[in-house]
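Undergrad: Submitted below is the structure of interest, expressed as structure tokens.
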Amino acid sequence: MATAVGLSGGSTLHGVTDDQKRLVVFGIALSKVLVTQIRPFVEQEVQKEYLNLSASHSIHTQSTSGRLKNWRTFLKYENINGNDALPRLPGGRYDYSKFDCRVTSHVDFAKLYVENHMAKFNAFDEHCDASAVPALLGKVPVFSLAFNVLLVMLDKLEMPGHTVCSVTGIQ
């Protein structure tokens, strides 16, 4: 097993390329600096969009049959209200007719836009991490084209076997 620092103070990480080291530094910077700085802004804008949709589309009281299915992208109702734990149809598909589609908070609204494994946060804190925040920037319609361009650029910063930031589904 390689040690991080040798006796001389230099790096002794054997088998780790310079590109892999840069990738680690970029990931740390993304997670610890950039995401922590923009998370309050993301929360503020998501909350505004949630309040607008609560007023215009009553998403806080909607039923399964009258749910808002798309708002720029397909919304993932399986990520809220324990819907992912409900029995599935044959073939493993979700039974949307059984879902509780009421979106009762801006945090639940944010969860509609992220992949299932990213939807484990309950607030815009450290649990809303470096994978969820870029996904929200890329998918929630309130964010500008400039954010989407940034995310596409981040998505291109990938190396074989390693992805810095995978934000799939940006159109």
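Undergrad: Please work out which residue is surrounded by the most Cβ atoms within 10 Å (Cβ to Cβ), limiting yourself to region 16-69 and to residues that are charged (D, E, K, R) and not in a helix (DSSP H, G or I).
TA: Filtering first and then ranking leaves Arg67.
Undergrad: Name the single residue that is nearest to Glu78 (Cα to Cα) among those in region 107-140 being touching an Asp or Glu at 6+ places or on another chain (Cβ under 7 Å) and outside any helix (DSSP H, G or I).
TA: In this case the residue turns out to be Val140.
Undergrad: What's the number of the only condition in (1) under 15 Å from Val140 (Cβ atoms); (2) charged (D, E, K, R); (3) free of Cβ contacts under 8 Å to residues at least 24 places away in the same chain that Lys76 fails to meet?
TA: Unmet condition: (3).
No value in this document is a laboratory result; all are computed from the given coordinates. As the structure is a computational prediction, the values presented were derived from the model and not from experiment. Every residue, glycine among them, receives a Cβ derived from its backbone with ideal geometry; neighbour counts consider all protein chains shown.
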